[in-house]
1. Treating the Cα atoms of the chain as identical point scatterers in vacuum, please give the log10 of the normalised Debye intensity I(q)/I(0) at q = 0.12, 0.20, 0.22 Å⁻¹, two decimals.
2. Give the whole-number value, in cubic angstrom per residue, of the convex hull volume spanned by the C-alpha atoms of the range 47-121.
3. Can you list the DSSP H helices in the chain whose Cα atoms extend at least 18 Å along the helix axis and whose mean Kyte-Doolittle hydropathy is -0.5 or higher?
4. Under 8 Å for C-alpha pairs, at least 6 residues apart: give me the relative contact order for the range 47-121, rounded to a whole percent.
5. Could you list 41, 95 in order of exposure, starting from the residue whose Cβ has the fewest other Cβ atoms within 10 Å?
6. If each of residue 52 and residue 36 carries a label point 7 Å out from its Cα toward its Cβ, how far apart are those two points in nm?
7. So if R0 is 22 Å, what FRET efficiency would residue 89 and residue 119 give, r being the distance between their Cβ atoms, rounded to the nearest 0.05?
8. For 34, 50, 103, what ranking results if the residue with the fewest other Cβ atoms within 10 Å of its Cβ goes first?
Amino acid sequence: MTDADAGDDAAADAVPLPADLDLDAVREALIAWYEADHRPFPWRQTDDAYEIHVSEVMSQQTQLDRVVAAWEDFRDRWPTVDALAAADRSEVVAFWTDHSLGYNNRAKYLHEAAGQVVDDYGGEYPRSRRRWRA
């Protein structure tokens, strides 16, 4: 399979966009809406893939106001993907519980993913789909 073939199965079933859809207008409207109405979460101020990954997992089915403090505490406790990978899984799950983030399996999967990033990619998140698949 090539990168071009690497879409989700759902993408193959997607309804095509109307031919007359002005994608530039949609894009501009979305950007204008975001610029006017977005909330300034701290993970939007970083380009660190680890910090973004943590925020994405925490944000799943969790109120974002609750995530802010938890995300900052998490970064203080495990500031790098290497630190998280080296942590005891039970400590990560306990942190998740103590911060009322719910769905503790997310903590387990985040810990497991950190181990994969460290073991498979030397602690650096790949920046391309090709590298992820290597």
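Please treat every number below as a calculation from the coordinates, not as lab data. These numbers were taken from a predicted model, which means no experiment stands behind them. All Cβ positions, even for glycine, are placed from backbone atoms using ideal geometry, and neighbour counts span all protein chains on display.
1. Here the Debye-derived log intensity ratios amount to -0.65, -1.18, -1.25.
2. Normalising the Cα hull of the range 47-121 by residue number yields 77 Å³.
3. Both cut-offs are met by 23-37.
4. 35
5. With the sparsest Cβ surroundings first, the list reads 41, 95.
6. 2.6
7. E(calc), rounded to 0.05, equals 0.90.
8. Ordered from fewest to most neighbouring Cβ atoms within 10 Å, 34, 50, 103 come out as 34, 103, 50.
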